[in-house]
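The structure appears right after this line, and notes come after that.
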Amino acid sequence: MPQKTARRAGRRATARRFTRRDIAVLGVLLGIPVLLDIVIVWGPALASVGLSFTSWDGIGDIHWVGGDNYENLVQDYPAFWPAVRHNLLWIGFLGLVATPFGLFLAVLIDRGVRFSRFYQSVLYMPVVLSLAVVGFMAQLLLGTDQGVVNTILDDRNDPVDWLGDSSINLWMMMLAASWRHVGYVMILYLAGLKSVDPALKEAAAIDGANERQTFFRVTLPTLRPVNVIVGVITVIEALRAFDIVYAVNKGRNGLELLSVLITDNIIGEASRIGFGSAIAAVLLVVSLGFIVTFLVQELRGAREK
Amino acid sequence: MTADIRATARSVEPAPPARASGPGRPPRRGRFGVHIFLSAVSLLFLAPLLLAVYASLRPYEETAQHGYFSFPKKLSFDYYREAYTESGMGKYFMNTLIIAVPAVIITLFLAAFVAFAVARVNIRGSLFLLMFFTAGNLLPPQVLVTPLYVLFLKIDLPWWMSDSMTLYDSYWAVIIVNIGFQVGFCVFVLSNFMRTLPKEILEAAIVDGAGVWTQFWRITLPLCRPAIAALATLEFTWIYNDFLWALIFISNPDKLPITSSLNNLRGQFFTDYNLLAAGSILVALPTILVFLLLQRHFIAGLTLGSSKG
């Protein structure tokens, strides 16, 4: 409470310092981006939720249908549950394989090996590539007839259709996505590790902790802000995953994802905008759950500071 | 924060062995194993790129017969010339620049001011503003597609601004959406960066009677140059690589950005993958060059918001 009154007093003091010109500058330069964000991001997001309760096809009148779209989605739309499963699998794969691997590489490089700059650049390189290019490279490597992997395996009678076989193509896509994700995670953790106070590690070593104990009990907990960010990036990237499967086969035949279903329903010939928006709303709610958790953690950290 | 990342990065680079196992660090065992492991992983990470380069240098007949993993008989750069002329890449590259350059500049300007207001001016609801922008950047873009599409079709533009007469199918649409979507990330990173700047300079300026604009433009912004350079390279890569927005908001094939020019290299019945490889490398080249040239900034840009000491 005393803190609050102090802050209010401070605010009053600063409020007096603003001239009319200051207020105009603040109004215009804050107003434009806020307005832009409302028009481009928040307005459309809310409008999507609204549309999800209608049967709009993009041309005719908008009819209110209540929760029908959601009911259809859960009960009758064959692609929905596979897409949910694929998105969950994607989260699991990035979270349990790619992210820990990125952390592992960051720890190795942070220990001060030679050529660390070289390793860092090479591992980060895939992050700057466009997903269209990544999708193409997947085809070059994993093509059925002349792809590199099949040439090496040299099984001419029964070549594996890495991208077409619906039981393995999702795994190949997740590997390709991890190719980019690992480098991103590595760089974030590398920066975090550099800021850990070496005195902490020394103290732990003097107390007789071995390297593994030091890492899990001392280093990792101090990386909490990075952990939060990496966690959210992992989940959001998994929920956003789109370009890479779309570049390979438009997200069909085992590569269904929620983002692909939205695009298909909205842009596709059927133009079931109300229905597509219902899927979008599901994705929005799940994403917002993670985003809010992240921001609460993040802002709590900022306030402590 | 940045300073310390960079200082460490610099000192690690030449890495004399004495420093690595310096005071307080026990001598390492298995360092050789670490090198072998990291080299193997690096090779694995580079392999797709190297194979694409290799494929692009070889004629289709040869790889069709022997597969991509075979010894070369003939190597040439012919496919690069062909890919460049056949896809009309020069034009699409210009389209991308028309979209990316203004988008990056305006995004950074607006985001810098919001970040300044949130981090350095005592205004009401600064936490809310920060959340409002950051959360917006993290939403999945597909959620926004329909309402924006409808909205853009309804907004008319004069002929001199857009030959389609609407905001739809114009560069403006893609530029505006990119700005609106990317401002959030930049606000987040820049506000974190600005919090680490010493407050005294700003306080001195306020005592001297500097207004909000002077505090922002003359005092704070020059100190943010490293962060802004980092974000500029980052944002340029992201907007350069984007193809979702252009796919949705642009219908005239002459206005598409460079990421979609690769489709011109796919034949209706037959696709020469070696040609496509050359095309992909040409498309990826600017981002790889930007990354290699501005590497240190680039990496610092990603880490700015995350490491808070």
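Could you work out, residue by residue across B:144-155, how many beta carbons of other chains sit within 10 Å of that residue's beta carbon, and then give the average as an integer?
6
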Q. By its C-alpha gyration tensor, with a ≥ b ≥ c as the square roots of the eigenvalues, how is the protein assembly as shown shaped: rounded for a/c under 1.5, else prolate for a/b larger than b/c, else oblate?
A. oblate
Q) Cα gyration tensor of segment A:68-304, axes a ≥ b ≥ c as square roots of the eigenvalues: rounded (a/c below 1.5), prolate (a/b > b/c) or oblate? A) oblate
Q: Show me A:277-283, A:204-210 ranked by packing, highest mean number of other Cβ atoms within 10 Å first.
A: A:277-283, A:204-210
Q | Cβ-derived FRET efficiency at R0 25 Å, A:Arg300 paired with B:Arg225, nearest 0.05 | A | 0.25
Q. So what is the calculated 222 nm ellipticity per residue for the protein assembly as shown, using -39500 (n - 2.57) for each DSSP H run with n of 4 or more, over all residues, to the nearest 500 deg cm²/dmol?
A. -21500 deg cm²/dmol
Q: Return the single residue from A:Phe18, A:Phe216, A:Phe53 with maximal mean-square fluctuation; model: Gaussian network over chain A, springs between Cα atoms under 10 Å.
A: A:Phe18
Q | Simple spin-label estimate for B:Phe270 and B:Thr85 in nanometres, 7 Å along Cα-Cβ | A | 1.9 nm
Q | Cβ-based charge dipole, the protein assembly as shown, positive-most Cα from B:Ile99, B:Leu244, B:Ser87 | A | B:Ile99
(Q) Taking each residue in B:34-46, count the Cβ atoms of any other chain within 10 Å of its Cβ, then average. What number comes out? (A) 5
Q: May I ask you to compute the full-extension gain from A:Ala209 to A:Arg21, defined as 0.36 nm times their residue separation minus their alpha-carbon distance, rounded to one decimal in nm?
A: 61.7 nm
(Q) Name the residue from A:Pro82, B:Ile155, B:Leu276 whose Cα lies farthest towards the positive end of the charge dipole of the protein assembly as shown, charges +1 on Cβ of Lys and Arg and -1 on Cβ of Asp and Glu. (A) B:Ile155
**Q.** Residue mean of other protein chain beta carbons inside 10 Å, A:224-236
**A.** 2
Q | Ranked list, fewest to most other Cβ atoms within 10 Å of each Cβ, for A:Thr99, A:Thr293, A:Thr54 | A | A:Thr293, A:Thr54, A:Thr99
Q: Give the cross-link partners of B:Lys73 among the aspartates and glutamates, using a straight C-alpha distance below 14 Å as the criterion and excluding same-chain residues fewer than 8 apart.
A: B:Glu61, B:Glu62
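In which sequence would A:Leu96, A:Leu89 go, from the one with the fewest C-beta neighbours within 10 Å to the one with the most?
Lowest count first: A:Leu96, A:Leu89.
In nm, what is the difference between 0.36 nm times the number of residues separating B:Trp160 and B:Ser126 and their Cα-Cα distance?
Roughly 8.3 nm would be gained on extension.
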**Q.** Potential lengthening between B:Leu293 and B:His35 on full extension [0.36 nm per residue; Cα-Cα distance subtracted]
**A.** 90.3 nm
Q) Listing B:His35, A:His181 from the residue with the fewest other Cβ atoms within 10 Å to the one with the most, what is the order? A) B:His35, A:His181
Q: Please work out the C-alpha center-to-center distance from segment A:45-77 to segment A:90-165 and express it in whole Å.
A: 39 Å
**Q.** Filter on B:Lys154/B:Lys255; A:Lys201/B:Lys199; A:Lys250/B:Lys74 - keep pairs with C-alpha separation over 29 Å
**A.** A:Lys201/B:Lys199; A:Lys250/B:Lys74
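All of the numbers you see were taken from the coordinates with simple rules; none came from a lab. Note that the coordinates shown come from a computational prediction; the quantities given were computed from them, not determined experimentally. As a convention, Cβ positions derive from the backbone with ideal geometry for all residues, glycine included, and neighbour counts pool all protein chains shown.
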